[in-house]
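In what follows, a single structure is set out as structure tokens and then discussed.
The values are calculated or read from the model by the stated rules, or taken from the named source; none is laboratory data. The structure presented is a predicted model; accordingly, all values stated were derived computationally and were not measured. Quick reminder, even Gly has a Cβ in these numbers, built from the backbone with ideal geometry, and neighbours come from all protein chains shown.
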Amino acid sequence: MTELQESIFDQDTSQFTHITDCPDEKETAEAWVAEATAHGLELTALCGYVWVPKSDPVRHPVCQPCLDIAQIRLA
């Protein structure tokens, strides 16, 4: 487990909106999350957090480690 993942698990990560990769066969990440929510599928966030989405992600602040990883990938 990386230092970043260890720091994530020290927090209540359910209170954050996580960023996940979009599988190649899916049109958008939002569509993938919506499908996972509808079918109870497990997702893995960029930070390593694993969850089954159940709530509206707009209600929570964005996970900073996920955001940092996404920004690095876009650079």
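Using beta carbons and a limit of 9 Å, which pairs, at least six apart or on different chains, have the first residue in the stretch 29-43 and under 16 Å from CYS66 (Cβ atoms) and the second one basic (Lys, Arg)?
Going by the 9 Å Cβ cut-off, the qualifying pairs are TRP32/LYS26.
Can you pull out the helices (runs of 4 or more DSSP H) entirely within the chain that have at least 1 residues that are at pLDDT below 90, surrounded by 11 or more Cβ atoms within 10 Å (Cβ to Cβ) and under 13 Å from the mean Cα position of the chain (by Cα)? Step through it out loud before you land on a result.
Working: elements: 3-9, 29-39, 64-74.
Where helices (runs of 4 or more DSSP H) fall fully within the chain and carry at least 1 residues being at pLDDT below 90, surrounded by 11 or more Cβ atoms within 10 Å (Cβ to Cβ) and under 13 Å from the mean Cα position of the chain (by Cα), they are 3-9, 29-39.
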